[in-house]
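Below are the C-alpha cells for one structure; questions will follow.
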Amino acid sequence: MPINGDNAADILFEDRPEYLHARVSGPRDSVSVSVDFWRRCIDECRRRGRNRLLVEESFPNRLDTMETFAVGAAVARMPTDRLRIAFLDHESDHDPSNEFGETVAVNRGAPIRVFRDRAAAEEWLGL
C-alpha cells in the first residue's frame with residue numbers, strides 16, 4: 001500500500017504460518033519513511049494478533065548515522081512489547097547502518113535483530 005508525499009513506501013503484508021511478513025520498498029528511504037513504515041508494520045502485526053514480525057526492506061539508499069539513530073530510537077518508543085522482530089536487508093552496503101540501528105533500538109528495549117539471510121531470521125524468530 002503506497003503512501004503519497006515524502007512517506008512513499010510500499011508495504012506488502014503476507015500472513016505466514018508463524019509470523020507476519022512485511023515487504024517494504026520505495027524509491028528512497030528517509031527518517032520519516034522509515035518511522036512511518038515501522039509504525040505501520042507494528043500496527044498491522046497487532047491488528048492481526050501476531051507476535052512475530054519479519055520486515056524485509058528494499059531501498060536503494062541507506063540512512064546516515066544521525067538518521068539511523070533517530071529511526072532506532074523511534075522504533076524503541078513504539079508498542080513492541082510481546083513482539084519479536086527480525087529485520088532483513090539484502091543490501092550489504094546497508095549493513096553498518098542497520099547494525100547501528102539495531103544497537104540503538106535494542107539498547108532502548110526493542111526486541112529486534114538485523115539479518116541478511118531469511119533462514120537465520122526465521123530461526124531467530126523461533127520457527
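Conditions first: (1) among the aliphatic types (A, V, I, L, M); (2) under 12 Å from the mean Cα position of the chain (by Cα); (3) not in a helix (DSSP H, G or I). Leu127 passes all but one, so which condition is the exception?
Answer for Leu127: the failing condition is (2).
Test of understanding: among Glu56, Glu102, which residue is in contact with a strand residue (DSSP E or B) (Cβ under 7 Å, 6 or more places away or on another chain), outside any helix (DSSP H, G or I) and either surrounded by fewer than 21 Cβ atoms within 10 Å (Cβ to Cβ) or at positive phi (or both)?
Result of the check over Glu56, Glu102: Glu56.
Given Ile42, Ile11, which one is aliphatic (A, V, I, L, M), under 17 Å from Val114 (Cα atoms) and either in contact (Cβ under 8 Å) with a residue 24 or more places away in the chain or surrounded by fewer than 20 Cβ atoms within 10 Å (Cβ to Cβ) (or both)?
Exactly one residue qualifies, and that residue is Ile42.
Take Glu67 and decide whether it is assigned to a helix (DSSP H, G or I) and in contact with a strand residue (DSSP E or B) (Cβ under 6 Å, 6 or more places away or on another chain).
No: the conditions fail for Glu67.
Can you tell me which residue among Gly49, Gly72 is within 20 Å of Thr103 (Cβ to Cβ) and either surrounded by fewer than 16 Cβ atoms within 10 Å (Cβ to Cβ) or out of contact with any Cys (no Cβ under 9 Å at 6 or more places or on another chain) (or both)?
Testing whether each residue is within 20 Å of Thr103 (Cβ to Cβ) and either surrounded by fewer than 16 Cβ atoms within 10 Å (Cβ to Cβ) or out of contact with any Cys (no Cβ under 9 Å at 6 or more places or on another chain) (or both) leaves just Gly72.
Only one of Asp93, Asp89, Asp81 is among the acidic types (Asp, Glu), without any contact (Cβ under 8 Å) to a residue 40 or more places away in the chain and touching a helix residue (DSSP H, G or I) at 6+ places or on another chain (Cβ under 9 Å). Can you tell me which?
Asp89
Please count how many residues of region 105-124 are crowded, with 19+ Cβ neighbours inside 10 Å, assigned to a loop (DSSP other than H, G, I, E, B) and in contact with an Asp or Glu (Cβ under 8 Å, 6 or more places away or on another chain).
0
Readers should treat all values here as calculations from the given coordinates under stated rules, not as data from a laboratory. Bear in mind the structure is a predicted one, so any value in this text is a computation, not a measurement. No Cβ is skipped: glycine too gets one built from the backbone with ideal geometry, and neighbour counts run over all protein chains shown.
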